[in-house]
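Structure first, then comments.
The values are calculated or read from the model by the stated rules, or taken from the named source; none is laboratory data. Remember, predicted model here, so these are calculated numbers, not experimental data. Ideal geometry is used to build each Cβ from the backbone, glycine not excepted, and the neighbour counts take in all protein chains shown. Heads up: the accessible areas ignore ligands, DNA and RNA and are worked out on the full protein's heavy atoms, side chains in. Shrake-Rupley method; radii C 1.70, N 1.55, O 1.52, S 1.80 Å.
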Amino acid sequence: AQKITQTQPGMFVQEKEAVTLDCTYDTSDQSYGLFWYKQPSSGEMIFLIYQGSYDEQNATEGRYSLNFQKARKSANLVISASQLGDSAMYFCAMRNYSNYQLIWGAGTKLIIKP
Amino acid sequence: NAGVTQTPKFRILKIGQSMTLQCTQDMNHNYMYWYRQDPGMGLKLIYYSVGAGITDKGEVPNGYNVSRSTTEDFPLRLELAAPSQTSVYFCASSYQEYSNQPQHFGDGTRLSIL
């Protein structure tokens, strides 16, 4: 069965430090995509970054990068130089190219301390 | 650009009442989705649609109905509200033909059943 696991329910990080949010996935498919979303306290879902299973390089988007280790089935989100505005829930999600559904992790609550 | 618009933003229902959550998108996306998010949890797919006139069940469809008469609109109907349906509901849309395209979310509807 397809599954996304986020093992860190919550994290506290000092402002300006880098932070890594863990995500492991389980799938038997060869073609899939991994997404990270941010959900601030205001509630909206904001797309951050995408990694395809066949992408040879790790995805990057500004301060966000994805540490993709295919053999270990992990897709960790790295936020460099954290800011107070990064405080939010972060969700990892996976989509297989054979269907239309995103499978979601339970999320990690990140709190940036000043 | 409006993106995905959900109405209402908040609603309180009594047990047994019915209501329709509205969702409209102006991005000409073929694919649309309804999710629910319970407190402290990730998103669970209720229903999805791959185009006008085509809908299918997701992970948690019981107690809900949908229709898709136009590309833009994808309303979610609760027929007999139950306390277990207290949740935040998100509508999303995407270009599914391009699998690396993220789902775009509305701001959510916070629904309480009392």
Residue-level accessible surface for B:D56, protein heavy atoms, 1.4 Å, Å² | 80
What residues have an amide H closer than 5 Å to that of A:I49, excluding those fewer than 5 places away on the same chain, when H is modeled at 1.01 Å from N in the peptide plane?
-> A:W36
Could you give the semi-axes, largest first, of the ellipsoid that matches the protein assembly as shown, computed as the square roots of 5 times the alpha carbon gyration tensor eigenvalues and rounded to whole Å?
-> 30, 21, 16
Quick one: what are the phi-derived ³J(HN,Hα) couplings along the range A:49-61, Karplus 6.51/-1.76/1.60 with θ = phi - 60°, whole Hz, x for glycine and proline?
-> 7, 10, 9, x, 5, 9, 5, 7, 10, 5, 6, 9, 8
If one takes the accessible area of chain A alone plus chain B alone and subtracts that of the pair, with a 1.4 Å probe, what total in Å², rounded to the nearest 100, results?
-> 1600
Environment charge at A:G52 (Cβ cut-off 11 Å; Lys +1, Arg +1, Asp -1, Glu -1) | 0
The range A:50-114-the range B:38-59 distance, computed between alpha-carbon centres (Å) = 22
The range B:1-70: which trypsin sites (Lys or Arg not before Pro) are DSSP loop and have at most 10 other beta-carbon atoms within 10 angstrom?
-> B:K14
Two-site label geometry, B:M27 and A:E44: point separation in nm, points 7 Å out along Cα→Cβ = 1.2
If you add up the charges near B:I113, with Lys and Arg at +1 and Asp and Glu at -1, over every other residue whose beta carbon is less than 14 angstrom from its beta carbon, what do you get?
-> +2
Counting Lys +1, Arg +1, Asp -1, Glu -1, what net charge surrounds A:R72 among other residues with beta carbon under 12 Å of its beta carbon?
-> 0
Using the Kirkwood formula on alpha carbons, the hydrodynamic radius of the range B:31-114 in angstrom works out to 13.2
Cα-based radius of gyration of the range B:1-54 once divided by 2.2 N^0.38 Å, which approximates compact folds = 1.32
Return the loop-located trypsin sites (Lys or Arg not before Pro) in the range A:1-69 (DSSP other than H, G, I, E, B) with at most 15 other Cβ atoms within 10 Å of their own Cβ; answer none if there are none.
-> A:K16, A:R63
Cα convex hull volume per residue for the range A:1-60 (Å³) = 123
Expressed in µm² per second, the diffusion coefficient of the range A:49-114 from the Stokes-Einstein equation, with Rh the Kirkwood radius over alpha carbon pairs, at 20 °C and 1.002 mPa s, is 161
Pop a pseudo-label 7 angstrom from the Cα along the beta-carbon direction at both A:K109 and B:S67 and give the gap in nm to one decimal.
-> 4.0
Taking chain A, how much of its Cα-Cα pair set, in percent, is spaced more than 17 angstrom apart?
-> 51
Please figure out what share of the DSSP beta bridges in chain A is antiparallel and state it in percent, rounded to the nearest 5.
-> 90
Please give the average number of partner chain Cβ atoms lying within 10 Å of the Cβ of each residue in A:49-57, rounded to a whole number.
-> 1
Send over a whole-number figure in Å² for the accessible area per residue of chain B, probe 1.4 Å.
-> 48
